[in-house]
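**Student:** Attaching a single structure in structure tokens format; questions to follow.
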Amino acid sequence: MPTDRRRFLAGGTGLALAGTGTLGLSRPALAQPAGARVLKFIPQSDVAVTDPIITTAYVTRHHGYAIWDTLYGFDEDFNPQPQMAEGHRVEEDGKRVTITLRQGLKWHDGGAVTAKDCVASIRRWAARDALGQVLMARTDALEAPDDRTIVFRLKQSFPMLFSALGKPSTPVCFMMPERVAQTDPSQPIKELIGSGPFRWKADERVPGSRVVYERFADYVPRADGTVSWTAGPKRVNLDRVEWHVIPDASTAANALANGEMDWWEQPTADLQPTLRRNRNVVMEIPDPTGLCAIARFNHLHPPFNNPAIRRALLGAVVQGDYMSAVIGTDRSLWKDGNGYFPPGTALANDAGMEALTSPRDMEKVKRDLAAAGYKGEKVVLIAASDFPSLNALAQVGNDMLTKAGMNVEFVSTDWGSVVQRRASREPVEKGGWSMFFTFWAGLDMINPGVSQSLRGNGQSAWFGWPTMPRMEELRTAWFDAPDLDGQKKVAQEIQQLAFQEVPYLPLGQYFQATAYRRGLTGVPKGFPMFWSVQKSA
Amino acid sequence: MFAYALRRIVATIPVMAVVALFVFSLLYISPGDPAAVIAGDQATPADVERIRASLGLDRPYLVRFGDWVWQIVHGDLGTSIFTNLPVSTMIAQRIEPTLSLMVITLILAVCIAVPMGVVAAWKQGTWIDRAVMAFAVLGFSVPVFVVGYLLAYVFALELDWLPVQGYTPFARGIGPWFQNLILPAVALGGVYIALIARITRATMLEVLQQDYIRTARAKGVGQRGILFLHALKNAAVPIVTVIGIGVALLIGGAVVTESVFAIPGLGRLTVDAILRRDYPVIQGVILLFSFTYVLVNLVIDLLYTLFDPRIRY
């Protein structure tokens, strides 16, 4: 009965107003519409680590795109486009690549951006990035013959070079001043000086609560092209962007509904229906590659050191169960039939997909497990209870493994403990683990060059440490493929092999909505970036 | 009394040493790895190892404890693993919101709870007494976050009188500062009001039975004078004790309240630090909380002498 409630509450208005009048209070500044040149944004979490090279955290990538620029951007078709680069020449059968910088690029401290800065930045990034390591392994020399020219002398042609320099998967190849880029890649940088469209306001940062950026007046956007993901002209319409960290989802929803905030990056699944009903709030899916859920095996110890056991569990996976638990029953928000490449991207294919799409039969799974040699070994499943989406995956996974007749020990803890325990290579009796759950952004699984969880390089691989020499060969073959058709062919082989080796169980793809006030326009696709955003007064 | 206060302050040193040892050891044996959190989910184990080594987290327990104690002795609480800022700077950034919240809650609670308790004792057995006790039970029973959400819904969303969240520093004006703190203080104060009101009522009931109260009545002292001058002063010692104990409640409650109302205070700093395993920050904040609690107890002990002249140190 909303009318009655309003009338009842209105009854107290006079008294309360009298009270505020006595105290001489004005209407709170935070509740007033913010100035049209100031954007108030609620990020997914605090920017705990501000160096975008040392961490792979997505929130740091978003912070990074505000401060730093890239030589190449990625458009909505996932093609690299020159950004800081004016253009490039590919010569000597692809073995010499010359990139020319645009004129007039400046750092936030006023210095000119030079090719030397870019070379140092590429080297630091490449020390941390898997694709960067491949690039440098294929590079004989990386030079800066003059202030505007970067030259790669390659051992062989590397068509992925521009994608590597422009990819938005973490860590991103951001350009930094040489003195900053010379920081050890295992140590965080001390100066947040970039050449991007916004400057970092160090004096206004309150760790865990607030981050502020202001427009960089000397930023020179590209003169050509259209804004598309991280490519195109970065024209800024705001003076300030304030990130307000609001850890409580209900409070964040209320602040957005009330107009105290303009944009909430990741509204939680339970609050999305309420926000959709609010006519002042717009909700949309910014990233069509979504988030892909996986159950990662520990390949070093029983029972999941046995590929036949891992393969048997493919028959137990019902991706819809996992996705419903994470985001609800609205089918527009998730997809099943998700293989080892995100649906809707260039390399997605049907090879081996019957392992996931054939009719589910738990009795057959039990028989297959027994035939594979499963003898009741303990399966330690580590679950992060402080992340609702990860907890949901783990709960469904626990149920699946239990129904399949496995001896499951469900360890519910916080994410901080999960990331520590998953680093253990010990058997479960000595504090090790058997399986954990996580999400990867679709962008981070879009091809074998960036997909860490598809690597098969044993002890050097991502947590779980699968050894799949053939997979590594196929990855190399993918790098060497001359064109997209060639890459697709290799991707089919990779997926076929993945369904045999099962480095992890694919659990589905879901789409994270973003929510913003109706007065906001130019909200970009992909992830939070602020250069094209406009706010009405 | 000065010598007593000095002795008590000196006595806090071994207490703080035990707290420091306990906190450091607990964090050392508890699971979690800040290097893994810094590196992010997509980092390889080798990346995590390199970061761990660069942070010195692979050093033995005694070496790390020794370094930390050495820093503390030199007045340095260390540096945050994540922000690279001194812990003292981070605490300084966060202390004002928490202190503001606690002071307003304390004032609000004492101003409401003490008269409530006094009136309940005076009107013992009447509907007023029962209403006060019902309120006290409610205050104890309803969690802080539930009260917080209800207040935000009514006063911020429906009536649009107050902001949903945030904090405005005192330097920017008492009005905005107070507006941001009203709802959190009311939400946090519920339990505190209930506690003080109950103890005030119980103590007042005992005091009101005393002979000197009967004598005061016989001499024609008015009801207000009896309640607030004669009875309340004699009932003050247990009330002040409970107010002191309640500071611990406030510290605990501030963690939840600051999260619900997005106040950048020490409570949220603590939670964030624990979730990330930012050891120097956790250690620094807990030391500060412990020291505050010891100090509050000392102040309470000294206040006894004001209310009861028989107490001498």
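**Student:** Do any strands (runs of 3 or more DSSP E) lying entirely in region A:52-171 carry at least 2 residues that are within 14 Å of another protein chain (Cβ to nearest Cβ) and of a type outside the set (F, W, Y), and which ones are they? I'd like the intermediate steps shown before the answer.
**Tutor:** On the way: elements: A:72-74, A:80-82, A:85-91, A:96-101, A:139-146, A:149-154.
Once the strands (runs of 3 or more DSSP E) in region A:52-171 are filtered for at least 2 residues that are within 14 Å of another protein chain (Cβ to nearest Cβ) and of a type outside the set (F, W, Y), nothing remains.
**Student:** From the list B:L99, B:L77, B:L108, B:L85, which residue is open to solvent by 20 Å² or more (accessible area, probe 1.4 Å) and under 13 Å from the mean Cα position of the chain (by Cα)? Break it down stepwise before answering.
**Tutor:** Values: B:L77 fails: under 13 Å from the mean Cα position of the chain (by Cα); B:L108 fails: under 13 Å from the mean Cα position of the chain (by Cα); B:L85 fails: under 13 Å from the mean Cα position of the chain (by Cα).
After applying the criteria, what remains is B:L99.
**Student:** With the checklist (1) in a loop (DSSP other than H, G, I, E, B); (2) within 14 Å of another protein chain (Cβ to nearest Cβ); (3) of a type in the set (A, V, I, L, M) in hand, flag the one item A:V236 doesn't pass.
**Tutor:** Every listed condition holds for A:V236 apart from (2).
**Student:** Now, a different point. Looking only at region A:295-315, which residues are part of a loop (DSSP other than H, G, I, E, B), open to solvent by 10 Å² or more (accessible area, probe 1.4 Å) and touching a residue at least 60 places away in the same chain (Cβ under 8 Å)? It would help to see each step written out before you state the result.
**Tutor:** The initial filter retains those residues of region A:295-315 that are part of a loop (DSSP other than H, G, I, E, B), namely A:298-306, A:315.
With the extra rule that they be open to solvent by 10 Å² or more (accessible area, probe 1.4 Å), the set shrinks to A:299-302, A:305-306, A:315.
Result: A:H299, A:L300, A:H301, A:P302, A:N306.
**Student:** Something else about it: What number of residues within region B:15-35 are out of contact with any Asp or Glu (no Cβ under 9 Å at 6 or more places or on another chain), in a helix (DSSP H, G or I) and surrounded by 14 or more Cβ atoms within 10 Å (Cβ to Cβ)?
**Tutor:** 6
**Student:** Please go through region B:271-313 and give me each residue that is under 13 Å from the mean Cα position of the chain (by Cα) and either closer than 22 Å to B:R94 by Cβ or at pLDDT 90 or above (or both), ordered by number. Break it down stepwise before answering.
**Tutor:** Looking only at region B:271-313, we keep the residues that are under 13 Å from the mean Cα position of the chain (by Cα), and these are B:285-286, B:288-297.
Result: B:V285, B:I286, B:L288, B:F289, B:S290, B:F291, B:T292, B:Y293, B:V294, B:L295, B:V296.
**Student:** Of A:T226, A:T251, A:T230, which residue is hydroxyl-bearing (S, T, Y) and within 11 Å of another protein chain (Cβ to nearest Cβ)?
**Tutor:** On the way: A:T226 fails: within 11 Å of another protein chain (Cβ to nearest Cβ); A:T230 fails: within 11 Å of another protein chain (Cβ to nearest Cβ).
After ruling out the rest, the residue left standing is A:T251.
**Student:** For residues that are among the aliphatic types (A, V, I, L, M) and either open to solvent by 50 Å² or more (accessible area, probe 1.4 Å) or within 22 Å of A:L275 (Cα to Cα) (or both), scanning just region A:478-520, find the one that is nearest to the chain's Cα centre (by Cα). Give the derivation first.
**Tutor:** If we filter region A:478-520 for residues that are among the aliphatic types (A, V, I, L, M), which is where we start, we get A:481, A:484, A:490-491, A:494, A:497-498, A:502, A:505, A:507, A:513, A:515, A:520.
Still in the list and also either open to solvent by 50 Å² or more (accessible area, probe 1.4 Å) or within 22 Å of A:L275 (Cα to Cα) (or both): A:484, A:513, A:515, A:520.
Numbers: A:L484: 24, A:A513: 14, A:A515: 18, A:L520: 23 Å.
Going through the qualifying residues, I end up with A:A513.
**Student:** Quick check on A:G373: is it more than 13 Å from chain B (Cβ to nearest Cβ) and out of contact with any strand residue (DSSP E or B) (no Cβ under 7 Å at 6 or more places or on another chain)? Steps first, answer last, please.
**Tutor:** On the way: more than 13 Å from chain B (Cβ to nearest Cβ): yes; out of contact with any strand residue (DSSP E or B) (no Cβ under 7 Å at 6 or more places or on another chain): yes.
Judged against the criteria, A:G373 is a match.
**Student:** Take B:R64 and tell me if it is assigned to a helix (DSSP H, G or I) and either within 26 Å of A:W415 (Cβ to Cβ) or within 12 Å of chain A (Cβ to nearest Cβ) (or both). I'd like the intermediate steps shown before the answer.
**Tutor:** Numbers: assigned to a helix (DSSP H, G or I): yes; either within 26 Å of A:W415 (Cβ to Cβ) or within 12 Å of chain A (Cβ to nearest Cβ) (or both): yes.
Yes.
**Student:** If you don't mind, another one. Which one of the conditions (1) in a helix (DSSP H, G or I); (2) modelled with pLDDT of 90 or more; (3) in contact with a helix residue (DSSP H, G or I) (Cβ under 9 Å, 6 or more places away or on another chain) does B:I263 fail to meet, given that it meets all the rest?
**Tutor:** (1)
**Student:** Which residues, counting only those in region B:129-179, are assigned to a helix (DSSP H, G or I), open to solvent by less than 20 Å² (accessible area, probe 1.4 Å) and within 7 Å of chain A (Cβ to nearest Cβ)? Even if it seems obvious, please write down each step before you answer.
**Tutor:** Kept after step one, since they are assigned to a helix (DSSP H, G or I), are these residues of region B:129-179: B:129-141, B:144-158, B:170-172, B:174-179.
Narrowing further to those that are open to solvent by less than 20 Å² (accessible area, probe 1.4 Å): B:129, B:132, B:136, B:139, B:148, B:152, B:156, B:175, B:179.
B:A152, B:A156, B:G175, B:Q179, listed by residue number.
**Student:** Still on this structure, I have one more. Quick check on this structure: which one of A:P388, A:P427 is closer than 27 Å to B:A273 by Cβ, open to solvent by 30 Å² or more (accessible area, probe 1.4 Å), touching a residue at least 60 places away in the same chain (Cβ under 8 Å) and more than 14 Å from chain B (Cβ to nearest Cβ)?
**Tutor:** Values: A:P427 fails: closer than 27 Å to B:A273 by Cβ.
The match here is A:P388.
**Student:** Which of the residues belonging to region B:256-282 are β-branched (V, I, T) and either closer than 17 Å to B:S80 by Cα or more than 11 Å from every other protein chain (Cβ to nearest Cβ) (or both)?
**Tutor:** Within region B:256-282, the subset β-branched (V, I, T) is B:256-257, B:260, B:263, B:270-271, B:274, B:281-282.
Listed by number, the residues that qualify are B:T270, B:V271, B:I274, B:V281, B:I282.
**Student:** In addition: Could you tell me whether A:A394 is assigned to a strand (DSSP E or B) and either within 14 Å of chain B (Cβ to nearest Cβ) or buried (at least 21 other Cβ atoms within 10 Å of the Cβ) (or both)?
**Tutor:** Details: assigned to a strand (DSSP E or B): no; either within 14 Å of chain B (Cβ to nearest Cβ) or buried (at least 21 other Cβ atoms within 10 Å of the Cβ) (or both): yes.
For A:A394, the condition - assigned to a strand (DSSP E or B) and either within 14 Å of chain B (Cβ to nearest Cβ) or buried (at least 21 other Cβ atoms within 10 Å of the Cβ) (or both) - is not met.
**Student:** Another one. Give the residue that is farthest from A:D69 (Cα to Cα), with candidates limited to residues of region A:130-172 that are under 21 Å from the mean Cα position of the chain (by Cα) and free of Cβ contacts under 8 Å to residues at least 60 places away in the same chain.
**Tutor:** My answer is A:Q133.
**Student:** Can you work out which of the residues in region A:254-269 that are touching a residue at least 40 places away in the same chain (Cβ under 8 Å) and assigned to a helix (DSSP H, G or I) is nearest to the other protein chains (Cβ to nearest Cβ)?
**Tutor:** A:A255
**Student:** For A:P188, which of the numbered conditions (1) over 24 Å from B:I91 (Cβ atoms); (2) under 21 Å from the mean Cα position of the chain (by Cα) fails to hold?
**Tutor:** Of everything listed in (1) over 24 Å from B:I91 (Cβ atoms); (2) under 21 Å from the mean Cα position of the chain (by Cα), A:P188 misses just condition (1).
**Student:** Yes or no: B:P45 in contact (Cβ under 8 Å) with a residue 60 or more places away in the chain and either within 30 Å of A:S453 (Cα to Cα) or within 14 Å of chain A (Cβ to nearest Cβ) (or both)? It would help to see each step written out before you state the result.
**Tutor:** Working: in contact (Cβ under 8 Å) with a residue 60 or more places away in the chain: no; either within 30 Å of A:S453 (Cα to Cα) or within 14 Å of chain A (Cβ to nearest Cβ) (or both): yes.
It is false that B:P45 is in contact (Cβ under 8 Å) with a residue 60 or more places away in the chain and either within 30 Å of A:S453 (Cα to Cα) or within 14 Å of chain A (Cβ to nearest Cβ) (or both).
**Student:** From the list B:T12, B:T44, exactly one residue is more than 29 Å from the chain's Cα centre (by Cα) and open to solvent by 10 Å² or more (accessible area, probe 1.4 Å). Which is it? First the steps, then the outcome.
**Tutor:** On the way: B:T12 fails: more than 29 Å from the chain's Cα centre (by Cα).
On inspection, the qualifying residue turns out to be B:T44.
**Student:** Can we say A:A351 is in a strand (DSSP E or B) and either open to solvent by 20 Å² or more (accessible area, probe 1.4 Å) or within 25 Å of A:L454 (Cβ to Cβ) (or both)?
**Tutor:** Details: in a strand (DSSP E or B): no; either open to solvent by 20 Å² or more (accessible area, probe 1.4 Å) or within 25 Å of A:L454 (Cβ to Cβ) (or both): yes.
For A:A351, the condition - in a strand (DSSP E or B) and either open to solvent by 20 Å² or more (accessible area, probe 1.4 Å) or within 25 Å of A:L454 (Cβ to Cβ) (or both) - is not met.
Matching residues to (1) crowded, with 22+ Cβ neighbours inside 10 Å; (2) touching a Phe, Trp or Tyr at 6+ places or on another chain (Cβ under 8 Å); (3) within 14 Å of chain B (Cβ to nearest Cβ):
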| position | (1), (2), (3) |
| --- | --- |
| A:E377 | no, no, no |
| A:N407 | no, no, no |
| A:A423 | no, yes, yes |
| A:F436 | yes, yes, yes |
| A:M468 | yes, no, no |
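**Student:** Can you name the residue in region A:275-289 that is of a type outside the set (D, E) and within 26 Å of A:A394 (Cβ to Cβ) and is also nearest to the other protein chains (Cβ to nearest Cβ) among such residues? Break it down into steps so the answer makes sense when it comes.
**Tutor:** Going through region A:275-289, the residues of a type outside the set (D, E) turn out to be A:275-283, A:285-286, A:288-289.
In the following step, the residues that additionally are within 26 Å of A:A394 (Cβ to Cβ) were identified as A:285, A:289.
Working: A:I285: 22, A:T289: 15 Å.
So, considering only residues that are of a type outside the set (D, E) and within 26 Å of A:A394 (Cβ to Cβ), the one nearest to the other protein chains (Cβ to nearest Cβ) is A:T289.
**Student:** Still on this structure, please answer the following. Checking the structure you have, find out if any residue of region A:209-216 is within 12 Å of chain B (Cβ to nearest Cβ), open to solvent by 10 Å² or more (accessible area, probe 1.4 Å) and under 30 Å from A:R37 (Cβ atoms). Steps first, answer last, please.
**Tutor:** If we filter region A:209-216 for residues that are within 12 Å of chain B (Cβ to nearest Cβ), which is where we start, we get A:209-211.
From what is left, the residues that are open to solvent by 10 Å² or more (accessible area, probe 1.4 Å) are A:209-210.
In the following step, the residues that additionally are under 30 Å from A:R37 (Cβ atoms) were identified as A:209-210.
Checked region A:209-216: at least one residue is within 12 Å of chain B (Cβ to nearest Cβ), open to solvent by 10 Å² or more (accessible area, probe 1.4 Å) and under 30 Å from A:R37 (Cβ atoms).
**Student:** Related question: Inspect region A:331-341 for any residue being touching a Ser or Thr at 6+ places or on another chain (Cβ under 6 Å), open to solvent by less than 20 Å² (accessible area, probe 1.4 Å) and part of a loop (DSSP other than H, G, I, E, B) and give the result as yes or no.
**Tutor:** no
**Student:** Please enumerate the residues belonging to region A:438-466 that are facing chain B (nearest Cβ under 10 Å), in contact with a Phe, Trp or Tyr (Cβ under 9 Å, 6 or more places away or on another chain) and among the aliphatic types (A, V, I, L, M).
**Tutor:** Hit for region A:438-466 is A:A441, nothing else.
**Student:** Taking A:C292 as meeting all but one of (1) open to solvent by less than 10 Å² (accessible area, probe 1.4 Å); (2) away from chain B (no Cβ under 14 Å); (3) under 30 Å from A:K378 (Cα atoms), write down the number of the exception.
**Tutor:** The failed condition is (2).
The values are calculated or read from the model by the stated rules, or taken from the named source; none is laboratory data. Quick caveat, the model's predicted, so the values are computed rather than measured. When we count neighbours, we look across all protein chains shown, and the Cβ atoms used for this are built from the backbone with ideal geometry, even at glycine. Surface accessibility is based on the protein's heavy atoms, side chains included, excluding ligands, DNA and RNA. Shrake-Rupley method; radii C 1.70, N 1.55, O 1.52, S 1.80 Å.
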